[in-house]
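Chemist: One structure is given below, represented as structure tokens, and several questions about it will come after.
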Amino acid sequence: MEVSLKFRPVVFLVCLFVGGLSSHISAADFAWVEDAASLEAGAVTVSAGGGYYSDAPFPYAGLEGNLYEAPWIGLRYSASDNAQFYFNGALRKTLSPRNVVIADGSGELEQPVSVNQSRSATGDFSIYSKFRFPLFAERLDFGIVTGFTMPNTNTSSGLGLDRNVIHGRTILGYSIEGVRLVANAGIAIIDNTTGMGQDDFFTYGFGAAVSPVSGIELHGELYGIDGPPDGAGDGLFDSLNVALGIGVFAGDFTADVTAKRFFKDPAPTTGIFIHFSHTLHLGPKKP
């Protein structure tokens with residue numbers, strides 16, 4: 001997910017909404033955190049969209065600028081009410097450099113390298129599996145997510161690290177008075193950029209979602225990643241981020257807009273992500 005870990009964080013999240021709430025909350029489409037809510041067997045969700053990040057840094061390559069990710073695509077398939085498989089990633093990433101400095105990976109960059117030369121590459125793609133174990137009459141949901149991120153982005157572009165990432169996390173979900181609360185905690189194991197050993201990062205996130213009226217859902221999350229103090233020069237570093245979004249539902253179609261704010265440097269200043277989804281039903285649709 002993304003070139004640097006700040007674009008593929010793992011999360012603990014806290015946002016609470018108060019007001020007139022709908023009695024039903026669907027599984028919110030959080031920026032990173034996953035919900036352990038009941039799935040719909042046979043459902044296939046196809047998504048497409050794009051993202052923008054202001055002042056996105058790539059310290060290993062010595063680049064910084066505005067980053068565009070489009071088109072972004074995603075596909076989810078629910079094999080049962082408790083098992084889902086999905087992948088996502090940006091087909092294209094484009095950076096408009098505003099600052100270029102000498103860094104560890106500068107020698108790998110494809111020429112020319114200047115503030116007047118945009119750089120683009122295929123984005124990293126991630127593949128996941130999610131398994132849910134319902135507890136307490138489905139009031140509290142528990143599950144696990146496993147997956148890996150492929151190094152599709154070439155290092156010569158400056159937008160990739162050519163490192164594999166393995167993900168594993170536990171996920172919890174709880175519904176109370178029209179509010180859906182979720183929490184994730186896990187690890188991300190990344191090949192070290194020196195080519196020797198690995199870096200292990202703790203990932204965490206909390207999220208909440210409410211539906212003030214039928215067909216509209218508000219969601220928020222706080223998510224982050226903490227790892228060994230190697231410094232940011234290798235392109236692997238800690239992050240702490242907040243995301244707030246709104247989803248609009250019409251039948252099997254969804255439009256979602258999420259704004260992001262980043263609090264640990266190096267990181268972008270802000271970001272926005274927009275995507276549209278359509279769900280197909282391979283079997284009988286749930287009422």
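Just so you know, all these numbers are worked out from the coordinates, no wet-lab data involved. All values reported here derive from a predicted model rather than from experimental measurement. All Cβ positions, even for glycine, are placed from backbone atoms using ideal geometry, and neighbour counts span all protein chains on display.
Chemist: Straight-line reach from Lys130: which aspartates and glutamates have Cα under 16 Å away, leaving out those fewer than 8 places along the same chain?
Modeler: Asp29, Glu34, Asp35, Glu40, Asp81, Asp141
Chemist: Also: Order these peptides, 120-131, 96-107, by their mean beta-carbon neighbour count within 10 angstrom, highest first.
Modeler: Working: 120-131: 19.0, 96-107: 14.5.
Packing proxy ranking, top to bottom: 120-131, 96-107.
Chemist: Let me check against my output: what whole-number percent is the relative contact order of the chain, with C-alpha pairs under 8 Å and at least 6 apart?
Modeler: Values: 903 pairs, mean separation 70.9, N = 287.
The value is 25 percent.
Chemist: Oh, and also: Place a +1 charge on the Cβ of each Lys and Arg in the chain and a -1 charge on the Cβ of each Asp and Glu, then give the dipole magnitude about the Cα centre in debye, rounded to the nearest 20.
Modeler: 580 debye
Chemist: Just how far, in whole angstrom, is region 67-124 from region 31-55 if you go by their alpha carbon centroids?
Modeler: Comparing the Cα centres of region 31-55 and region 67-124, I get a distance of 17 Å.
Chemist: Which label belongs to the value computed from this structure, given these candidates for semi-axes √(5λ) of the Cα gyration tensor in Å: (1) 33, 19, 18; (2) 46, 25, 16; (3) 35, 23, 20?
Modeler: Only one option fits the structure, namely (1).
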